[in-house]
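One structure below.
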Amino acid sequence: MATLQAATTSSSAVVTDPQTVRELCENHCFGTLSWEVTEDREFSIWGYDDFEVYEVRENGLPDYEGGIVTHEFLRELANHLEADEEFDIQTAGFTKCRFPVLAQRYVVRDGEVLHADLNSPDPIDE
């Protein structure tokens, strides 16, 4: 059986209400990723897993039946970033030497969520 090996890391972003962000995170599952809101109100996520977010069931387990809610989580997080803050989270990974590799990036800024991956190549200008 092939196993995905991935690493995820983020920038730190200052949040407006640390307790609200903690509650938001506690109501979601990030696989084996860790998250933190520091005393300086800086939020970050990191670890050895891909960045997929699920809601948490009453029993504390991920709600896989509900599907991935990564975009919804990030849109809610966008409401709690200080003005002019940017939250950048990046994941890279692979399964053996199989194609394709995993690479994705989310940027949360100015109330919007941007996503990039390796699936949509653009032509190179001459």
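List of remarks:
- Mean accessible surface per residue for the range 20-76, computed with a 1.4 Å probe while every protein chain stays in place, in Å²: 61 Å²
- Nearest-0.05 FRET efficiency for E39 and H115, computed from C-beta distance (R0 41 Å): 0.85
- Cβ-Cβ FRET estimate between N59 and Q19, R0 fixed at 25 Å, reported to 0.05: 0.60
- Alpha-carbon centroid distance for the pair the range 16-54 / the range 80-115, whole angstrom: 14 Å
The values are calculated or read from the model by the stated rules, or taken from the named source; none is laboratory data. In this text, all values refer to a predicted model and were calculated from it rather than measured experimentally. No Cβ is skipped: glycine too gets one built from the backbone with ideal geometry, and neighbour counts run over all protein chains shown. Accessible surface areas use protein heavy atoms only, side chains included; no ligands, DNA or RNA. Shrake-Rupley method; radii C 1.70, N 1.55, O 1.52, S 1.80 Å.
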